[in-house]
1. Looking only at residues that are out of contact with any Pro (no Cβ under 9 Å at 6 or more places or on another chain) and part of a loop (DSSP other than H, G, I, E, B) in region 100-133, which one is nearest to residue 87 (Cα to Cα)?
2. I'd like the full set of residues that are of a type outside the set (A, V, I, L, M, F, W, C), in contact (Cβ under 8 Å) with a residue 40 or more places away in the chain and part of a strand (DSSP E or B), limited to region 25-59.
3. For region 93-117, which positions are of a type in the set (A, V, I, L, M, F, W, C) and within 16 Å of residue 145 (Cα to Cα)?
4. Within region 37-49, how many residues are at pLDDT below 95 and surrounded by 22 or more Cβ atoms within 10 Å (Cβ to Cβ)?
5. Where the second residue is acidic (Asp, Glu) and surrounded by 18 or more Cβ atoms within 10 Å (Cβ to Cβ) and the first is without any contact (Cβ under 8 Å) to a residue 40 or more places away in the chain and lies in region 79-93, which pairs have Cβ atoms under 8 Å and are six or more apart or on separate chains?
6. What are the pairs, 6+ residues apart or on separate chains, where a residue within region 109-121 that is surrounded by 13 or more Cβ atoms within 10 Å (Cβ to Cβ) has its Cβ under 6 Å from a residue that is outside any helix (DSSP H, G or I)?
7. May I ask you to list the residues in region 64-101 that are surrounded by 21 or more Cβ atoms within 10 Å (Cβ to Cβ) and among the acidic types (Asp, Glu)?
8. Are any residues in region 60-87 touching a Leu at 6+ places or on another chain (Cβ under 8 Å), part of a helix (DSSP H, G or I) and among the β-branched types (Val, Ile, Thr), and if so, which ones?
Amino acid sequence: MKVLGIDPGTAVLGYGVVESAAGRPGRLIECGVVETRADDRLATRLRIIHDGVATLIERHRPDAVAVEASFHARNARTTMVLGHARGVILLAAEEAGVPIAEYSPASVKKAIAGRGAALKPQVAYMIQQLLRLKALPAPTDASDGIAIALTHLLASGGRKVGVAR
């Protein structure tokens, strides 16, 4: 099973593509970021995000897209703008006919590091161990995308399952 994990953002979107392997949580295929410019209009940034995710889906043909679920930021505008980014991510997956799963930040941290309040360096270290990587994944946004993909693989046991929406 191949999963595209996405950590949404309007400035920097992190992603990781992980494939399950026999007897292991998975193998990292690719990770990185989709970046937009701060001086671009929101609509332009959303198009860049949509096109970037659509390209990733087309290139990797994942069995599922796992996305970090919404959370309430202290700033209402930040929450709303992040919701727009999540919307175009979900749209790209829906257009491609790929099942979508959503995981809260705490459930990702718990699945990967064993506790929902784990710090980013702890999660990155556990990703390195689980995937037997020589170095910590970078940048941290990409690491978060990998963690979300791994969470889905661990939750599904590497099998295609009904995906939460």
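1. Ranking the qualifying residues of region 100-133, first place goes to 104.
2. Across region 25-59, the qualifying residues are 25, 26, 27, 32.
3. Matches in region 93-117: 93, 100, 101, 106, 108, 111, 112, 113.
4. Selection size over region 37-49: 0.
5. Hits for this filter: zero, empty list.
6. Pairs that qualify, where the first residue is surrounded by 13 or more Cβ atoms within 10 Å (Cβ to Cβ) and the partner is outside any helix (DSSP H, G or I), are 109/116; 109/118; 110/116.
7. 68
8. Residue satisfying the conditions is 81 alone.
The values are calculated or read from the model by the stated rules, or taken from the named source; none is laboratory data. None of the values given here were measured: they were computed from a predicted structure. Cβ: placed from backbone, ideal geometry, glycine included. Neighbour counts: every protein chain shown.
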